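Would you mind keeping the following structure in view while I ask a few things?
All of the numbers you see were taken from the coordinates with simple rules; none came from a lab. Keep in mind it's a predicted model, so treat the numbers as computed, not measured. Here the Cβ positions follow ideal geometry from the backbone for every residue, glycine too, while neighbour counts run over all protein chains shown.
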Amino acid sequence: MANFNAALPSVLKWSVGENKFNEDGKNPKSLSLFIPLESIDALAAHLRAMAKDSGKVRSGKVWDYSANEQKEVQGLYLNAKGKENNGDSFGNINPAALTAAPTNSNLPF
């Protein structure tokens, strides 16, 4: 991966484990996402760049709590690979930087 250009200065960490606050039994798992302070601005910029790239925008379903049903919306997928250990899943997120459109510095104006 010599050509990999990371979008973030430090990786994000995600983990899925048992939900410690699952009183009603409806949500047995919990997702945690750790974002290092030094990566917050870069992550926001990366998400904005993805949102402007029509090839990155996809349809997805989210839960509409007011209507108590799923609805389809436009959005972005931020994918990551992971591992599993003792029933917990975890991994890191560090997307490839989006390449900027080439600029022409020889413009006559």
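With charges only on Cβ, +1 for K and R and -1 for D and E, what is the dipole size of region 12-93 about its Cα centre, in debye, rounded to 20?
Working: 12 positive and 11 negative charges, 64 e Å.
Using only the charged Cβ atoms, the result is roughly 300 debye.
What list of ³J(HN,Hα) values in whole Hz, one per residue of region 32-38 in order, does the Karplus curve 6.51 cos²θ - 1.76 cosθ + 1.60 (θ = phi - 60°) give from phi, with Gly and Pro shown as x?
Once θ is set to phi - 60°, the couplings for region 32-38 become 10, 10, 9, 10, x, 3, 5 Hz.
What residue among 92, 27, 79 shows peak mean-square fluctuation when the chain is described by a Gaussian network model with Cα springs under 10 Å?
27
Kindly put 26, 52 in sequence by how many other C-beta atoms sit within 10 Å of each C-beta, fewest to most. Don't jump to the answer; show the numbers that get you there.
Details: 26 7, 52 10.
The order, fewest Cβ neighbours first, is 26, 52.
What full-extension length gain, to one decimal in nm, is calculated for residue 79 and residue 61 as 0.36 nm per residue of separation minus the Cα-Cα distance?
Details: separation 18, 0.36 × 18 = 6.48 nm, distance 1.59 nm.
Extending this stretch completely gives an extra 4.9 nm.
Could I ask something else about it? Tell me which chymotrypsin sites (Phe, Trp or Tyr not before Pro) from region 6-57 have a DSSP coil assignment and no more than 16 other beta carbons within 10 Å of their own. Please report the intermediate quantities before stating the final value.
Values: sites: 14, 21, 34; in loops: 21.
When the chymotrypsin sites (Phe, Trp or Tyr not before Pro) of region 6-57 are filtered for loop state and at most 16 Cβ neighbours within 10 Å, 21 remain.
What's the FRET efficiency of residue 86 with residue 27 using the Cβ-Cβ distance as r and R₀ = 22 Å, to the nearest 0.05? Working shown, then result.
Details: r = 20 Å, r/R0 = 0.91.
FRET efficiency, residue 86 to residue 27: 0.65.
Which whole-Hz ³J(HN,Hα) couplings does region 78-94 yield from phi under the Karplus relation 6.51 cos²θ - 1.76 cosθ + 1.60, θ = phi - 60°, glycine and proline marked x?
10, 9, 8, 8, x, 9, 10, 8, 6, x, 9, 9, 7, x, 10, 10, 8
Taking a cut-off of 16 Å between Cα atoms, list the aspartates and glutamates near residue 52, but don't count ones fewer than 8 places away on the same chain.
none
Report, to the nearest 10°, how far helix 40-52 tilts away from the longest principal axis of the Cα atoms in the chain, using its own Cα long axis and a range of 0 to 90°.
So the helix axis and the longest Cα principal axis differ by about 70 degrees.
Can I ask one more? What are the semi-axes of the equivalent ellipsoid of the chain, taken as the square roots of 5 times the eigenvalues of the Cα gyration tensor, listed largest first and rounded to whole Å? Spell out each step's value before the answer.
Values: eigenvalues 229, 87, 26 Å².
Working through the eigenvalues yields semi-axes of 34, 21, 11 Å.
Further question: Choose one answer from 78, 12, 43: the residue with the largest mean-square fluctuation in a GNM of the chain with alpha-carbon springs under 10 Å.
78
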